[in-house]
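Coordinate-derived values only; no laboratory data. Treat the numbers as computed from the prediction; the structure is a model and nothing was measured. In this analysis, Cβ positions are derived from the backbone assuming ideal geometry, glycine residues included, and neighbour counts consider all displayed protein chains.
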């Protein structure tokens, strides 16, 4: 039997620590890592009102649970229903169940009502991949709704795997501007219309987030987005899984080696101006925001 | 041994003679243990644990959603 250093049966090997851990030691490690991330990078202030971007998946529910357990701040969930048939109906059911269990309020918004079209309809009409529309409109709505509900921080459940994938995706596509979305807290400049996004799980492996959730009684229905296979991210993720098996800590090293570079890039981009979209008034670094650009392309009336 | 694949809810039978390490069982099924969490007889276990024919395994993929 493989044992934890405390003598109990180990359930997981924590690569970052090079240690086998039992349930109790793992839970302590997990929560300490997330709390240290929050403290070290000043992600949460006592006065913050925190919106958590939730999907009904294991990661966002684990984050909602964790923040609600450890912070006295006002915390609520924001769920964006993109309108993906056969997928969101199931995850939203799990979401409602767990929000009720945690005693946390969750606000729901849909692409259909807010943008004027479901993602399924966009995919039929548009020429881009589903994830392009989904990502832009979801970010747009999350920021707008978080601000509208008075949130001062928007917590996202991005984990170490997500972050490593994003770094490599942006690197492979030479997309320096998108690097600004990375880091513990995104955004370079403050703007009254921009709600800073925080990532307390950024240094935790996705597998660790799943184990944490399971140990806390969060077991959601397994379901894959029907568009996931078309996503560039998923292809990168497959490669990383194989490499990580051969070279443990690979994803951690990708994130860690990139952090000083990210600070440099953010420093250099400090003068870049954040402005308001000439059409919708939402915050953007362009004249017309990406959401309005996509609406035009999809022939959705712009109000 | 009964194995439940969480992603397609399929239950499959895997014959185990004596005791075998979970890691080996998964690899023979073409599964990268890195990408899954294993539940043996309702408890989370490491891939280094051994199983016997009377055990029940549930294999949960780490990646779900989008």
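Can you tell me how much longer the chain between residue B:32 and residue B:48 gets when fully stretched, taken as 0.36 nm per residue apart minus their C-alpha distance, in nm with one decimal? Fully extending the segment from residue B:32 to residue B:48 adds 4.4 nm. From least to most packed, judged by other beta carbons within 10 angstrom and beginning with the fewest, A:119, A:160 follow the order A:160, A:119. Axis of helix A:232-246 versus longest Cα principal axis of chain A: the two differ by about 20°, to the nearest ten degrees.
Can you sort A:5, A:110, B:64, B:54 by how many other beta carbons sit within 10 Å, fewest first?
Numbers: A:5 12, A:110 16, B:64 21, B:54 9.
Fewest to most other Cβ atoms nearby, the residues stand as B:54, A:5, A:110, B:64.
Relative to the longest principal axis of the Cα atoms of chain A, the long axis of helix A:58-70 makes an angle of roughly 70 degrees.
Within the listed set A:48, A:59, A:175, the Gaussian network model of chain A (springs between alpha-carbon atoms below 10 Å) gives the highest mean-square fluctuation for A:175.
Compared with the alpha-carbon gap, the fully stretched path from residue A:191 to residue A:132 is longer by 18.8 nm at 0.36 nm per residue.
Here the ratio of the Cα radius of gyration of region A:142-219 to 2.2 N^0.38 Å is 1.26. Our note on the geometry: Cα centres of region A:130-154 and region A:231-303, 14 Å apart.
Rounded to the nearest 10 degrees, the angle from helix A:130-148 to the longest Cα principal axis of chain A is 90 degrees. Going by neighbour counts of Cβ atoms within 10 Å, the residues A:30, A:201, A:294 line up, fewest first, as A:294, A:30, A:201.
The Kirkwood hydrodynamic radius of chain B, based on inverse pair distances between different Cα atoms, is 11.9 Å.
Assuming R0 = 25 Å, what is the FRET efficiency of residue A:276 and residue A:172, from their Cβ-Cβ distance, to the nearest 0.05? Before the final figure, lay out the partial values.
Numbers: r = 32 Å, r/R0 = 1.28.
About 0.20, to the nearest 0.05.
Each DSSP beta bridge with both residues in chain B is either parallel or antiparallel, and the antiparallel ones are about 80%.
Can you tell me the equivalent ellipsoid semi-axes for the protein assembly as shown? Use √(5λ) from the Cα gyration tensor, largest first, whole Å. Spell out each step's value before the answer.
Values: eigenvalues 263, 106, 81 Å².
One finds semi-axes of 36, 23, 20 Å for the protein assembly as shown.
Full extension of the segment from residue A:101 to residue A:219, taken as 0.36 nm per residue of separation minus the current Cα-Cα distance, would add 41.2 nm.
Looking only at the protein assembly as shown, where both bridge partners belong to it, what percent of the DSSP beta bridges are antiparallel (to the nearest 5)? If you can, show how the numbers build up before the last one.
Working: 21 of 42 bridges.
Given both bridge residues lie in the protein assembly as shown, the antiparallel proportion sits at roughly 50 percent.
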